[in-house]
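So the structure is just underneath, and the comments pick up after that.
The values are calculated or read from the model by the stated rules, or taken from the named source; none is laboratory data. Only a predicted model underlies this, so the values are computations on that prediction, with no experimental measurement involved. Positions of Cβ are generated from backbone atoms using ideal geometry, with glycine treated the same way; all protein chains shown enter the neighbour counts.
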Amino acid sequence: MTSIKESISGTIGIVLLLGIIVAVNVIFSGVSAGRIDLTEENLYTLSDGTRTMLKGLDRDVTLKFYYSRSGGSMPVPIKRYAQRVNDLLGEYESAGGGRLTVEMHDPKPFSDDEEWAQKYGLTPQSTSMMGGDAFYLGIVGISGAKEASIPILDTQAEPQLEYRLTRLIYEVTQVERPKLGIMSSLPVMGGPPQMPFGQPPQRQQPLPKWLFVTELENFYEVVQVDVTAESIDEDITALLVHHPKSLGDKTLYALDQFVMKGGRLMAFVDPMCMSDQAAAAPNQFMPPQSASDLNTLTGGWGVELTSGKVVGDMKAATTLQVGGGQVERVITWLSLDSSLIDRDEVATSSLEFLMLPVAGALTTNSVEGVSLTVLASTSDNSGVIDSFQAMGPSSATAKALEKRDPAPLIVRITGTLKSAFPGGPPSSDPAADDEGEEGEAVDSEAATNHLEESSGESVIVLVADADMLADQNCVRQVRTFFGPQLQPINDNLNFILNFAEQLCGSEALIGLRSRGRYQRPFTRVEALRETAHAEWQLEEEKLQSKLTEVQSKLSELESGKESDGLLILSPEQKAEIKKFNEERFKTQQDLKEVQKSLVRDIERLGMWVKGINIAAVPLLVAVYGIARGVSRRKSAQR
């Protein structure tokens, strides 16, 4: 009887406990102060950057959330996402200190709310491919006379939701935008269409701006600086130099004096710029000279780009389609994870994945008064190869790799810098222009204003790759409920935006862009793949060696053909070819076994992970329950 009563009381206790848990969740569901975010990256907690911005608001901001909540045909995943957006907006309002107000609007058909949603530029979306009921899901930010909007809240962009909201607030509260200059030898600012060489003009659309430029234009007054400029406007806060190919001495001097006067500089140099080759190919018979550097300037500041060399990294290799359905790990196409990125630097601490296609190696030297910070580097299993070998077969590039210590890929230079032109501005070339006395006066004025060293602490960020900013290396187009959308494939855009904000003096948004990871690899699985790949590559090299040998012997046999074209093989030769075919078959079987072993190991690891995830918590509860029951029984017996 006692045991029955104990069982009943235990059951009742469990039911009451569950009831209390449910009641607490219901009661405190709207109270943010009592919530605990247990996700690895605190995806449901406002970042310090957001809280700092909200605390510093000096203008009232209204966020209008347009959500067709009364639409009965809206997909369930979008409804759940809309609820998460609403919860996050509540966090913003709580942290806004009375300066930020959130309004909820339900734009029903033919209502005033729908008219305002359309006025603000929000786009209605259909619930089906056949044009079902339309719904709205967007946000409008208003502060005074300024307004901006997020026309579509895409579920696939949820990891960037906080960044987009904070950027929206930042955009409507800025009175004046910093001026950011862009100098590039590539058409990053857009331009006229390129006509194929030797063909009549065709009706083509102008070249669009690169995506990183349009993103920067959301925050800054972006101006183009010509690659032949002999001076930099003083009102430019920061200058982005992209692929500075064959700059003249006067342009280099202009950059030098811009830095000496306190201007912030970010430069993307490249020993082999594939974007340059692709842009020039339609109009040239020969591939262009695609290398660029700023060694004339940065060499005296302690950093240089290694000429004619490209970095290869066995650990940071990227798996790419190489044609014919083949997939290879390309060691010159770098995928840098967080272990190769500086986690202590505010502008890179939130970055998880950078892609640098065919990057160069930077070398650093100690210079008095100059501080160098390596923001990203290669791994301890890397080296360099000649540029012309960069995109060769994986086995060939791996053999040609000259192993070296980890090479810096991104470096920040700070300190009091010396001018790269200690003798003053370069003189005019009399043969190039006939300036006469006026030209001499200009040179004299430049010499008078010449600075031998920086007037304050200078900041330069040097990146050994220019292709990382090309659209195809930053985003991909995906089909969603809302139509085609651009989805980031790495943190390349986040990288340039973070440093633009840092160099232009605004750091409020830094750290918000990569709240969720684009890739969450299983490190154990990656280790298994790397081991299997090493074994597979060794077997492949053996097979290639055998193929080369038999091809050489077959070529010798070709020379022994009779006049009628028939090939006469001796019994020994036939036996040798048969032996090779048997060895090739065995090697292929060995390769299959390596792949099968890899799959088995990964599946076994997956089963362990699933088992732990499924069984661990119930097992712990059961163990606790048994231990608790034993303890209570012992206490009752006493």
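Just the residues that are aliphatic (A, V, I, L, M) and touching a residue at least 24 places away in the same chain (Cβ under 8 Å), please, taken from segment 62-105.
First, pick out the residues of segment 62-105 that are aliphatic (A, V, I, L, M): 63, 74, 76, 78, 82, 85, 88-89, 95, 100, 102, 104.
Listed by number, the residues that qualify are Leu63, Met74, Ile78, Ala82, Val85, Leu88, Leu89, Ala95, Leu100, Val102, Met104.
Residues are listed down the side, and each one gets a yes or a no for (1) of a type in the set (A, V, I, L, M, F, W, C); (2) touching a Phe, Trp or Tyr at 6+ places or on another chain (Cβ under 7 Å); (3) over 16 Å from Arg84 (Cβ atoms); (4) touching a residue at least 24 places away in the same chain (Cβ under 8 Å):
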{"position": "Ser126", "(1), (2), (3), (4)": "no, no, yes, no"}
{"position": "Gly138", "(1), (2), (3), (4)": "no, yes, no, yes"}
{"position": "Gln156", "(1), (2), (3), (4)": "no, no, no, yes"}
{"position": "Pro159", "(1), (2), (3), (4)": "no, no, no, yes"}
Given (1) modelled with pLDDT under 95; (2) in a strand (DSSP E or B); (3) of a type outside the set (Ser, Thr, Tyr), Gln199 misses just (2)
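Would you point out which residue out of Val367, Val384 is in the same structural domain as Leu255 (by TED's automatic domain parsing) and among the β-branched types (Val, Ile, Thr)? Steps first, please.
Numbers: Val384 fails: in the same structural domain as Leu255 (by TED's automatic domain parsing).
None of the others qualify; the one that does is Val367.
Of all the residues that make up segment 393-405, how many are part of a loop (DSSP other than H, G, I, E, B) and crowded, with 16+ Cβ neighbours inside 10 Å? Please lay out each step first, then the result.
Just the residues of segment 393-405 that are part of a loop (DSSP other than H, G, I, E, B), to begin with: 393, 401, 405.
Cutting the leftovers down to crowded, with 16+ Cβ neighbours inside 10 Å gives us 401.
Selection size over segment 393-405: 1.
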The residue from Ser428, Ser454, Ser377 that alone is closer than 26 Å to Val241 by Cα, among the polar types (S, T, N, Q) and modelled with pLDDT under 85 is Ser428
* To do: Examine segment 364-372 for a residue that is in contact (Cβ under 8 Å) with a residue 12 or more places away in the chain and at positive phi, and state whether such a residue exists.
  => yes
Scanning segment 367-386 residue by residue, the ones that are under 18 Å from Ala316 (Cβ atoms) and not aliphatic (A, V, I, L, M) total 7
Within segment 49-84, residues being touching a helix residue (DSSP H, G or I) at 6+ places or on another chain (Cβ under 7 Å), closer than 23 Å to Glu171 by Cβ and of a type in the set (Val, Ile, Thr) number 2
Restricting segment 307-341 to residues that are in contact (Cβ under 8 Å) with a residue 24 or more places away in the chain and over 24 Å from the mean Cα position of the chain (by Cα), the one surrounded by the most Cβ atoms within 10 Å (Cβ to Cβ) turns out to be Gly308
Quick count over segment 461-477, residues being part of a helix (DSSP H, G or I), buried (at least 20 other Cβ atoms within 10 Å of the Cβ) and among the acidic types (Asp, Glu), is 1
Among residues of segment 81-122 being of a type in the set (Val, Ile, Thr) and either farther than 16 Å from Tyr66 by Cβ or surrounded by 15 or more Cβ atoms within 10 Å (Cβ to Cβ) (or both), the residue modelled with the lowest pLDDT is Val85
